[in-house]
1. Quick check, is A:T80 within 16 Å of the chain's Cα centre (by Cα) and exposed (fewer than 13 other Cβ atoms within 10 Å of the Cβ)?
2. Report whether or not B:Y398 is closer than 21 Å to B:T186 by Cα and among the hydroxyl-bearing types (S, T, Y).
3. Can you find, within the stretch A:73-97, the residue that is farthest from the other protein chains (Cβ to nearest Cβ) among those that are more than 18 Å from B:Q30 (Cβ to Cβ) and part of a loop (DSSP other than H, G, I, E, B)?
4. Identify, please: which residue in the stretch A:98-108 is facing chain B (nearest Cβ under 7 Å) and not in a loop (DSSP other than H, G, I, E, B) and is, among those, farthest from B:K126 (Cα to Cα)?
5. Quick check: is even one residue across the stretch B:321-338 buried (at least 17 other Cβ atoms within 10 Å of the Cβ), farther than 21 Å from B:A181 by Cβ, among the small types (G, A, S) and modelled with pLDDT of 90 or more?
6. Only one of these is more than 24 Å from B:Y279 (Cβ to Cβ), within 13 Å of chain A (Cβ to nearest Cβ) and more than 32 Å from the chain's Cα centre (by Cα): B:E88, B:E72. Name it.
7. Under the condition of being in contact (Cβ under 8 Å) with a residue 24 or more places away in the chain and aliphatic (A, V, I, L, M), which residue from the stretch A:30-44 is nearest to A:L81 (Cα to Cα)?
8. I need the helices (runs of 4 or more DSSP H) fully contained in the stretch B:175-262, keeping only those with at least 2 residues that are farther than 28 Å from B:G83 by Cβ and in contact with a Pro (Cβ under 9 Å, 6 or more places away or on another chain).
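The values are calculated or read from the model by the stated rules, or taken from the named source; none is laboratory data. These figures come from a predicted structure and were not determined experimentally. Glycine also receives a Cβ, built like all others from the backbone with ideal geometry; neighbour counts cover every protein chain displayed.
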Amino acid sequence: MKTKLIKKLAQESFANNKLDENRVKIISNKLKRKDLRSYLRVLKILDRESTLYVSMPITDDASVQNTLQIRFPNKKIVYTLNKDLLAGVKIVDNDLLYDFTLQGKIERLIGRFYDTND
Amino acid sequence: MSNITNINDESILKQIERNLMDFSSDVKVQNVGKVEKNTDGVITSTGLTQAGIGEEVEFENGVMGMILGLDEDYASIIVLGEGNSISEGSTVKRTGRILSINVHDSILGRVINPIGLPLDGKPEIKKGTAMPLEKLAAGVIERESVDTPLKTGIKAIDSMIPIGRGQRELIIGDRGLGKTAIAIDTIINQKHHAKDQKPVICIYVAIGQKQSTVAQVINVLKENDALPYSIVIAASASEPVALQYLAPFAGVAIAEYFCAQGRDVLIVYDDLTKHAWAYRQLSLVLRRPAGREAYPGDIFYLHSRLLERAVKLSKKNGGGSITALPIIETQAGDISAYIPTNVISITDGQIFVESDLFNNGIRPAINAGYSVSRVGGAAQTSAMKSVIGMLRIAQAQYRELAAFAQFGSELDADTRSQLEKGKRTVEVLKQAQYHPLSEPLQIMSIWAVTHGYTDDIPAEDVLRFEHDYIEYLQRKGKKLLDELATGKKPSKETQELMQNVTEDFKKTFSA
């Protein structure tokens, strides 16, 4: 089966930006083993594209959660706890990483010192 | 001195403040990807949609990589370090930099790997200029034709297959016939350069070789005091294939650094056969369509874009040059195989070493029939040109008549004398390894043989004659050698002096 068609099937497996289990079952039952692999691969990519991964040093910061839900209404948001970040928030949206953390700032500052004093 | 002792908190804070003046604490947005697959140090990753070919990327554990291919959904990355350390699911981020190598004047005399890390146990190379590994070669406007000789110190090459600065001359032949020795001799010979010519910086790129072989080359360079003006870039057989692929590009990037300063550089790629193997391996792992002998379709472009970076810049552009000596290993002397024919067509000539000659004791085993230099003639000095005409004729006649040599006494006197002279010209072109000869001495040796001064000496004594003759010239012919070193066509007086000196020597020589 052509890659384009598999991509279309994977896109159709989503309903309201969420993976529809029934649609996936119907499609996967009709695919050959080789095509099923490609289908799963594309599903993974699309799922990642529709998900926002958020790392914070505390998980119960309601203000951040509200802001993110307003800013990304169509995305599934996954929160993870990472105390090393010290403060702030790190967001991964598909292949873009937004670093609003204190850890990131310190690291950039250290990098800057290395660059200027090399 | 007072500046050094006056360090206090305030001055330190001021320095820090100055350093951080342009530091931006804005939010950092980075383009990242996720590792999907790691096949022998070749990574397939999703994401990285904004990355470009040749861009440097950084993995989660600090290992660096380079983007080699971009697909609709995937980026293919080669790892510039320990490939096994990258696991599936780890993050990889863009750096926004094209893969470059740090070059500083202090790199001379060092042994490094293709990403600039020292292999000689000495400290890291000082921070200098970042030279991109992949770069478009200089255009026609920036170049000028080859006009300065690059002397190898090897009689057979400097006389019959002369190399000019900025030329690409291929050294081709089976394994173990002295291809590397020719290149190393050339590097050693750069120690002695004419007063009116710039010294040459030498770069030796070892690709896919045994560590012991590389160590041997380094030792030879050290023993012959050639290391201070040389740089060795080694990606041995045990290094990741990505580094073997990058090694020649790192070499030429370093060469371009010195060339931009108006200096002359010689770069030896030892060898491009193994480089082609490394690229084939990478391409097969990347599942690129395989062509002839399983090489990818762009194998020709790989070597042409590398060798095209050999250049002779015009005076307006600094007048620097990069001379390339790529080496190709053939199987059973077959120069019509895929990679040899590719590189032959890219270069400006080839030096073909042959096993038959090698086994007959002719070393360097250069086959003058198959060897050619397409542009080097323009760079040859008038002094050398004045003596090689007769050498060429004698060699050509000898090659033509060699088949009749077995008839011996049945041949007429003319043919016999041509054969005898041919034999002596073959003998005089023999030369020991790591013993390059200056141009005036080469001229005198060839001149003596072509002018019949060895006709009465048995062919097997010609080398001994030459050895003693050179010693004699160094003792008693200084003026003559200085005259020939100017490169000018010998005047009538000089020719007379050549005759007199040679006749005087002959009186002292007993066969």
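1. Working: within 16 Å of the chain's Cα centre (by Cα): yes; exposed (fewer than 13 other Cβ atoms within 10 Å of the Cβ): yes.
Spelling it out, A:T80 is indeed within 16 Å of the chain's Cα centre (by Cα) and exposed (fewer than 13 other Cβ atoms within 10 Å of the Cβ).
2. Numbers: closer than 21 Å to B:T186 by Cα: no; among the hydroxyl-bearing types (S, T, Y): yes.
Here the answer is no, as B:Y398 does not meet what is asked.
3. Of the residues in the stretch A:73-97, the ones more than 18 Å from B:Q30 (Cβ to Cβ) are A:73-79, A:81, A:83, A:86-87.
Next cut, part of a loop (DSSP other than H, G, I, E, B) only: A:73-75, A:86-87.
Numbers: A:P73: 21, A:N74: 19, A:K75: 16, A:L86: 14, A:A87: 13 Å.
Here the answer is A:P73.
4. Here is the first cut: in the stretch A:98-108, the ones facing chain B (nearest Cβ under 7 Å) are A:98-100, A:104-105, A:108.
Filter again for not in a loop (DSSP other than H, G, I, E, B), leaving A:98-99, A:104-105, A:108.
Values: A:Y98: 34, A:D99: 32, A:G104: 28, A:K105: 27, A:R108: 22 Å.
The residue in question is A:Y98.
5. So far as the stretch B:321-338 goes, yes, one or more of its residues are buried (at least 17 other Cβ atoms within 10 Å of the Cβ), farther than 21 Å from B:A181 by Cβ, among the small types (G, A, S) and modelled with pLDDT of 90 or more.
6. Numbers: B:E72 fails: more than 24 Å from B:Y279 (Cβ to Cβ).
The unique qualifying residue is B:E88.
7. Filtering the stretch A:30-44 down to residues in contact (Cβ under 8 Å) with a residue 24 or more places away in the chain leaves A:31-32, A:35, A:38-39, A:42-43.
From what's left, aliphatic (A, V, I, L, M): A:31, A:42-43.
Numbers: A:L31: 38, A:V42: 28, A:L43: 26 Å.
The residue in question is A:L43.
8. Details: elements: B:179-189, B:211-223, B:241-259.
In the stretch B:175-262, the matching helices (runs of 4 or more DSSP H) lie at B:179-189.
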